[in-house]
Amino acid sequence: MARIVGIDLGTTNSLIAYMKGKTPTVIQGPEGRTLVPSIVAYTPTGILVGDAAKEQLVHNPEHTVYSVKRFMGKGLADVTQELQYFPFKLTEQNGVIRLQIGNKALTPPEISAMILKELKARAEAFFGEEIRKAVITVPAYFNDSQRQATKDAGKIAGLEVVRIVNEPTAASLAYGLQKRKQGTIAVYDLGGGTFDISILKLKDGIFEVLATNGNTHLGWTSKQSMASPWRDDQNCSRSFASGQSRQSAACPRKRKQPCTCRCLTAKGNTAVPFHVPSLRIW
């Protein structure tokens, strides 16, 4: 029987796991980390995924994509409000969004597939065998189009998606709540990109999602951004790695690009340090 892995394809981070006996266990990468940042970057030397791609947010923002899950299964008209949070250039072809990355136009499933391939490779290195089947979790509010786009991403990555499971259901299963005969369960999900609550009804081991709601821009990364609500772009000042120009690393508004700035706080104009990987902070 072919091995089946479980994948959390997240907005901010993703991971892959398997059942070790009766215990779900997350597979670590070569450096011992369990999370893979859901970021893809195109560079002259090839495609980067995860932590390596995250570094490109600073040095190569025009060719780096993050939070692509927000665009899965949607048309251009569906993401009008989303565009204020992202610097991506989007087009639409046959009702499907395409993100312009340099001279390439890629669909959200194609980009998500690169993240899935990275997770698949991690599992194959761990087990020493090819992984072909997976269960992938999605938000309870995902519609049929978004769920199909997730399956398409799996197919592109070389995975047969045997089941799409609602994230709150997966959380309930992880805590063994299916062993109860019946009950009503509230599941809070504070993720990297979203914060939502789902109400589940359990009867005879079967979960039914009664209601779900939340804020798709109130995740942990959004809270970090809220630490500097009065950012003054004109006073943005940073210390740069050698060879990086100040012009190429400008600090545009509402763009998820790490920087160290002088910001306006509630008490006035104060220097607020922001940690930036690979850059010198002063």
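Picking from residues in region 62-80 that are touching a residue at least 60 places away in the same chain (Cβ under 8 Å) and part of a helix (DSSP H, G or I), the one that is surrounded by the most Cβ atoms within 10 Å (Cβ to Cβ) is K69.
Against the numbered list (1) in a helix (DSSP H, G or I); (2) open to solvent by 80 Å² or more (accessible area, probe 1.4 Å); (3) over 19 Å from V68 (Cα atoms), P168 comes up short only at (2).
Scanning region 171-191 for residues that are over 25 Å from R70 (Cβ atoms), open to solvent by 90 Å² or more (accessible area, probe 1.4 Å) and in a strand (DSSP E or B) returns Q182, T184.
Being surrounded by fewer than 17 Cβ atoms within 10 Å (Cβ to Cβ) and closer than 20 Å to L159 by Cβ is a property that holds for R132. Within region 21-45, residues that are more than 20 Å from Y66 (Cβ to Cβ) and in a loop (DSSP other than H, G, I, E, B) reach partners that are open to solvent by 30 Å² or more (accessible area, probe 1.4 Å) and among the β-branched types (V, I, T) with beta carbons closer than 7 Å, at six or more positions or on different chains, in the pairs Q28/T34. The condition of being more than 19 Å from T137 (Cα to Cα), modelled with pLDDT under 95, in a strand (DSSP E or B) and among the hydrophobic types (A, V, I, L, M, F, W, C) holds for only one of L83, L90, that being L90. What do you reckon, is F88 of a type outside the set (A, V, I, L, M) and in contact (Cβ under 8 Å) with a residue 24 or more places away in the chain? Considered against the rule, which asks whether it is of a type outside the set (A, V, I, L, M) and in contact (Cβ under 8 Å) with a residue 24 or more places away in the chain, F88 comes out as no.
Where residues in region 1-13 are part of a strand (DSSP E or B) and out of contact with any Pro (no Cβ under 8 Å at 6 or more places or on another chain), which of them is farthest from L190 (Cα to Cα)? Here the residue is I4.
Listed here are the residues, each with its yes/no results for (1) crowded, with 17+ Cβ neighbours inside 10 Å; (2) free of Cβ contacts under 8 Å to residues at least 40 places away in the same chain; (3) at positive phi; (4) in a strand (DSSP E or B).
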position: S145; (1), (2), (3), (4): no, no, no, no
position: V162; (1), (2), (3), (4): no, no, no, yes
position: G193; (1), (2), (3), (4): yes, no, no, no
position: S198; (1), (2), (3), (4): yes, no, no, yes
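Among the residues of region 1-32, the ones that are at pLDDT below 90 and either more than 17 Å from G176 (Cβ to Cβ) or surrounded by 10 or more Cβ atoms within 10 Å (Cβ to Cβ) (or both) come to 5 in all.
Yes/no per residue for (1) among the β-branched types (V, I, T); (2) on the phi < 0 side of the Ramachandran plot; (3) open to solvent by 10 Å² or more (accessible area, probe 1.4 Å):
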position	(1), (2), (3)
I97	yes, yes, no
A113	no, yes, no
E124	no, yes, yes
F127	no, yes, yes
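Please tell me if V49 is within 23 Å of A153 (Cα to Cα), open to solvent by 10 Å² or more (accessible area, probe 1.4 Å) and of a type outside the set (F, W, Y). So V49 passes the test.
The values are calculated or read from the model by the stated rules, or taken from the named source; none is laboratory data. Nothing here was measured: the structure is a model prediction, and the numbers come from that model. Glycine gets a Cβ as well: all are built from the backbone with ideal geometry, and neighbour counts include every protein chain shown. The area values use the complete protein model at the heavy-atom level, side chains included, leaving out ligands, DNA and RNA. Shrake-Rupley method; radii C 1.70, N 1.55, O 1.52, S 1.80 Å.
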